[in-house]
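Below is one structure, written out as structure tokens, with a few remarks after it.
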Amino acid sequence: MEFLLPACVFLVAAIYASVGHGGASGYLAVLGLFNAPPESMRASALVLNILVAGTAWIAFARGGHFRGRRVAPFLLLSIPCAWYGGSLKVAMGTYMLLLGLVLAWAGIRLTMPEGKVAEPRSPGWLVSVPAGGAIGLLSGVVGVGGGIFLSPLLILSGWATAREAAAASACFIVLNSAAGLAGGGLEAALAVQNHLPLVGAAFAGGLLGSTIGAGRLSNVWLRRMLGAVLLGAAIKLAKSSL
């Protein structure tokens with residue numbers, strides 16, 4: 001049983017990294033299912049998020065998929081908002097409800113087919129700047145990097161192809177996760193110590209997943225499996241917050 005949690009983290013990291021995400025929502029789901037202390041979950045998920053998303057960012061950039069102009073407008077407000085969100089002390093019931101909603105969205109998103117963009121256009125600043133701020137604030141409060149929201153927005157708005165969106169999201173996740181973690185201060189740093197053994201599992205999974213995702217191998221079935229797990233965890237957390 002002691003190897004089950006690292007194995008789950010490895011699997012989550014591999015699946016999320018394959019689509020350019022860090023996996024914070026997945027780590028939160030896994031930690032919640034293993035009854036981890038809620039006060040340490042957010043900080044631990046952000047640390048793993050930075051590690052895995054950073055690995056994915058490098059892999060997708062090496063594959064020629066990173067476009068700085070796709071993500072720059074979103075970062076303008078998202079970073080300070082993520083820092084502020086990370087500094088907020090949210091009531092545990094409210095936090096668990098927000099987390100459940102985030103996991104539900106992540107689960108639904110992962111079961112949806114990827115869209116295709118023939119000729120992506122640059123995002124408009126009047127829309128992307130406030131959107132980035134809203135994503136950053138929610139991400140900081142809940143303890144995720146925000147890529148699970150940014151990717152579908154980029155794809156559905158015609159601002160990026162699937163792999164360009166993955167690369168942009170990986171960059172977005174690293175910077176916002178770092179800001180959210182900084183907002184938590186020393187208390188967040190101390191909480192991370194509870195889950196340091198998971199770092200190796202997350203790194204190995206992130207390396208495997210990002211290598212696969214930056215190439216041509218399809219991972220649709222893996223995304224759908226993870227989506228089902230996240231939806232189940234979202235229901236569990238929503239019930240516990242009532």
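Restricting L230, L226 to those that are touching a Gly at 6+ places or on another chain (Cβ under 9 Å), modelled with pLDDT under 75, surrounded by 22 or more Cβ atoms within 10 Å (Cβ to Cβ) and within 21 Å of L28 (Cβ to Cβ) reduces the list to L226.
When region 1-37 is filtered for residues that are under 16 Å from G100 (Cα atoms), among the aliphatic types (A, V, I, L, M) and over 15 Å from the mean Cα position of the chain (by Cα), the ones remaining, listed by number, are L33, A36. Determine, yes or no, whether L153 is touching a residue at least 12 places away in the same chain (Cβ under 8 Å), under 25 Å from S40 (Cβ atoms) and surrounded by fewer than 21 Cβ atoms within 10 Å (Cβ to Cβ). The answer is no for L153. Restricting attention to region 188-223, the residues that are part of a helix (DSSP H, G or I), surrounded by 16 or more Cβ atoms within 10 Å (Cβ to Cβ) and modelled with pLDDT of 75 or more total 15. Across region 21-35, the number of residues qualifying as under 17 Å from P197 (Cα atoms) and either without any contact (Cβ under 8 Å) to a residue 12 or more places away in the chain or in contact with a Ser or Thr (Cβ under 8 Å, 6 or more places away or on another chain) (or both) comes to 4. Screening G93 on (1) more than 17 Å from the chain's Cα centre (by Cα); (2) closer than 22 Å to G213 by Cβ shows it passes everything except condition (2).
The values are calculated or read from the model by the stated rules, or taken from the named source; none is laboratory data. All values reported here derive from a predicted model rather than from experimental measurement. So basically every Cβ, Gly included, is an ideal-geometry build from the backbone, and we count neighbours across all protein chains shown.
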